Amino acid sequence: MGAVMVFHDVTEARHMTHELEYQAAHDSLTGLINRNEFSRLLYQFRQDVNRKNRTHALLYIDLDQFKVVNDTCGHAAGDALLQQLSHLITDDLRRGDVFARLGGDEFGILLNECPVDIATEIADTIRRTVEQFRFVWEENTFSVGASIGIVSINAESAEAEILMRQADEACYSAKEHGRNRLHVFTEDDDNLNI
């Protein structure tokens, strides 16, 4: 009697699978998680408040004057601006917070275990970081701003999809009131948009 044993090295296959999973969940330009992964995590944060009676916060950030950079210097400059700002904003976040590029010049942040008053302070720190940053491309210098919508995630909050819409509406309100501002979503905002 005899036996034949065959060994396969699956290291490369595992590496390739891991790489594909990473690419599916991350933005290729900034390295931040993408909209799909952010939506999945927002759903988990929303479920968490029901199970553990915690409060989180959602920030929706839209850059002001980004189009000017793109139109003046091209997409390569816009890409460089997004990369630089994503690094700067990351430094303003706490351990356990989630930062994502949602698309174009829009970002989302999930603030873990964070009441709305602390979320407002963090959002204002981010807003000031963006406002004080000067982007230099060739011989051009640009300043940009950030309009930020803030939504509390608590036991009374709507479902994840509606939370995203509310955060987007709050961000739009910040833009409408002069840009480079914060706006905390309230039920009054929701009633105005029905």
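The values are calculated or read from the model by the stated rules, or taken from the named source; none is laboratory data. Computed from a prediction, not measured in an experiment: that's the story for all the values here. All Cβ positions, even for glycine, are placed from backbone atoms using ideal geometry, and neighbour counts span all protein chains on display. With ligands, DNA and RNA removed, areas are computed over all heavy atoms of the protein, side chains included. Shrake-Rupley method; radii C 1.70, N 1.55, O 1.52, S 1.80 Å.
Residues of region 118-145 being β-branched (Val, Ile, Thr) and under 11 Å from residue 92 (Cα atoms), which ones?
Listed by number, the residues that qualify are 122, 125, 126, 129, 130.
Whether any residue in region 94-112 is of a type in the set (Val, Ile, Thr), closer than 20 Å to residue 36 by Cα, in contact (Cβ under 8 Å) with a residue 60 or more places away in the chain and surrounded by fewer than 22 Cβ atoms within 10 Å (Cβ to Cβ) is what I want to check.
Yes, the conditions are met somewhere in region 94-112.
If only one of 174, 170, 160 is within 18 Å of residue 120 (Cβ to Cβ) and touching a Leu at 6+ places or on another chain (Cβ under 8 Å), which one is it?
174
Of the residues 138, 159, only one is on the phi > 0 side of the Ramachandran plot, charged (D, E, K, R) and surrounded by fewer than 23 Cβ atoms within 10 Å (Cβ to Cβ); which?
One residue alone meets the criteria, 138.
Surrounded by fewer than 19 Cβ atoms within 10 Å (Cβ to Cβ), in a helix (DSSP H, G or I), on the phi < 0 side of the Ramachandran plot and modelled with pLDDT under 95, is that true of residue 47?
yes
Give me the residue from region 141-155 that is over 22 Å from residue 97 (Cβ atoms) and open to solvent by 30 Å² or more (accessible area, probe 1.4 Å) and, out of that set, farthest from the chain's Cα centre (by Cα).
141
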